[in-house]
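The values are calculated or read from the model by the stated rules, or taken from the named source; none is laboratory data. Not measured: the values here are computed from a predicted model. Cβ: placed from backbone, ideal geometry, glycine included. Neighbour counts: every protein chain shown.
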Amino acid sequence: MRQQRLYVFPEYFELRPLSEDEGSNLLGGSEALTGASVGERFVVENTRDNQHCYLVNLAIKSYLELFRQPRSEEAALEELARQAGCPTEAIAPTVRTFFQRMRRAGVLRSAGTDLQEESTWALTPGQVLGEYRVGALIVDKVDVALHHARQVGTGLPAVLKVFVLQGPRAKRERELFEREFSLMAGLAPHENICRLLAFHAGEPCYAVLEYAGTTPIRRATTNVCLSLPERVRIGAEALAALAHLHHHGLLHGDVHSRNFMLTDEHRVKLIDFGLARRSSDAAEASSVPHGGLPAFMPPERIEPGSLSISSRPGDMRSEVFQLGVLLHLILTSQEPFPEKVLWRRLAQSIRAQPAPRAVWAPEGERIPDALADVIGRALAKVPEERFPSAVELLEAWRRDARTLRARERAHP
């Protein structure tokens, strides 16, 4: 019989209460806020580099503390079920999903593993990988590092995404890493999707991606004065990217405003396919982690009784809802469901409260009723009332955008 692997919450992670002046914008999955009220939120802090890693609630804090002493996933599941007074089967899907995410983030590590075994290693600026010269570090995560890069000879900018995880977890995480770029390589090119320029499966394992700029769509639409026609165009390009995926039977898996970038030429680029999967593949639906920001969570993925995130993955209609949130943000500079509230209130509003109608752009221009209607349908609470996929949503958006342009030409 195979011995179960033991995991531990490393000593260099500290759990402490969240102070009032820290706000609620720390990194963390939406389930981290489930049921949390004032005084019940905690920070998982990496004391080695003084970074705030996660914002968690009391239940998750208790879960992590189980791993102060090494134990297996099954042992932790049994203990949590005992504390909750319920069968293990009732909480197993939620706990296992959370367990997987904590391991991916490095918050839970294999017991007895030397820190060097699971540490990341950094590339040196100036180093050459294939046709590309490594530049400054952009993001340094537990499993991957992103660097600026330039093609040797042409000087064209690019981004290097390098797999850096070592140790027992590396095999499974590397499979997911390689799968991400296998999907990208098989996808027909599209002007609004970040291109895969090269992939190297050896050591080091890395991908070279098209440089998509440094401006997330949220920042571009909230901090810059844009005309309504420009906002409508940006929305159309974001929809075109998802429509391309849906047309080819793919789900992005993590649709929100941070994964749409604006290039220096102000064109939209969809990035980060780490959670993408084939919509018809049941095996991938169960094996690929499910993403999502709290304010972009579709109502069908929120359990009505507990207000926790469902273990069931979303489908194309779920991503249509997320696109509705994105379109509302692009046109009004506001999300329909504000995220700077406790998760329970946010979840209740997503499930039960109608999304506010998109009426005014920040510059004082009134949003055409036809476009507001398109957003409203995308944000329908019942999936069957939404557009079936981003393809139909894009068609409706383009049709009404043409009407807007015709009206402007008639009344300059």
Given (1) modelled with pLDDT of 80 or more; (2) within 30 Å of S349 (Cβ to Cβ); (3) not basic (K, R), index of the condition E14 fails:
(2)
Among the residues of region 132-155, write down those that are under 15 Å from L197 (Cα atoms) and either surrounded by fewer than 14 Cβ atoms within 10 Å (Cβ to Cβ) or assigned by TED's automatic domain parsing to the domain that holds G274 (or both).
V152, T154, G155
The one condition V162 fails out of (1) more than 14 Å from A198 (Cβ to Cβ); (2) part of a strand (DSSP E or B) is (1)
Mind checking which residues of region 165-178 are surrounded by fewer than 21 Cβ atoms within 10 Å (Cβ to Cβ), free of Cβ contacts under 8 Å to residues at least 60 places away in the same chain and outside any helix (DSSP H, G or I)?
Q166, G167
Condition first: at pLDDT below 85 and more than 15 Å from E203 (Cα to Cα). Now tell me which residues in region 139-171 satisfy that.
V139, D140, K141, V142, P168, R169
Filter region 335-356 down to the residues that are charged (D, E, K, R) and either surrounded by fewer than 16 Cβ atoms within 10 Å (Cβ to Cβ) or at pLDDT below 90 (or both) and list them by number.
E339, K340, R344, R345
Can you pull out every residue in region 362-392 that is within 20 Å of T221 (Cβ to Cβ) and crowded, with 16+ Cβ neighbours inside 10 Å?
P362, I367, P368, L371, A372, V374, I375, G376, A378, L379, A390
When you scan region 185-192, do you find a residue that is crowded, with 18+ Cβ neighbours inside 10 Å and assigned to a helix (DSSP H, G or I), even just one?
no
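Tell me, please, whether a residue that is within 22 Å of R301 (Cα to Cα), in contact (Cβ under 8 Å) with a residue 24 or more places away in the chain and either under 21 Å from the mean Cα position of the chain (by Cα) or surrounded by 17 or more Cβ atoms within 10 Å (Cβ to Cβ) (or both) can be found in region 201-222.
No; the residues of region 201-222 include none that is within 22 Å of R301 (Cα to Cα), in contact (Cβ under 8 Å) with a residue 24 or more places away in the chain and either under 21 Å from the mean Cα position of the chain (by Cα) or surrounded by 17 or more Cβ atoms within 10 Å (Cβ to Cβ) (or both).
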Restrict the check to region 172-183 and report whether at least one residue is at pLDDT 95 or above and more than 21 Å from the chain's Cα centre (by Cα).
no
The correct count of residues that are crowded, with 22+ Cβ neighbours inside 10 Å and part of a loop (DSSP other than H, G, I, E, B) in region 294-334 is 3
How many of the residues making up region 264-293 are under 19 Å from V325 (Cα atoms) and either modelled with pLDDT of 90 or more or not in a loop (DSSP other than H, G, I, E, B) (or both)?
5
Give region 374-390 a look and list any residue that's farther than 16 Å from A358 by Cα and not aromatic (F, W, Y), or say none.
K381, V382, P383, E384, E385, R386, P388, S389, A390
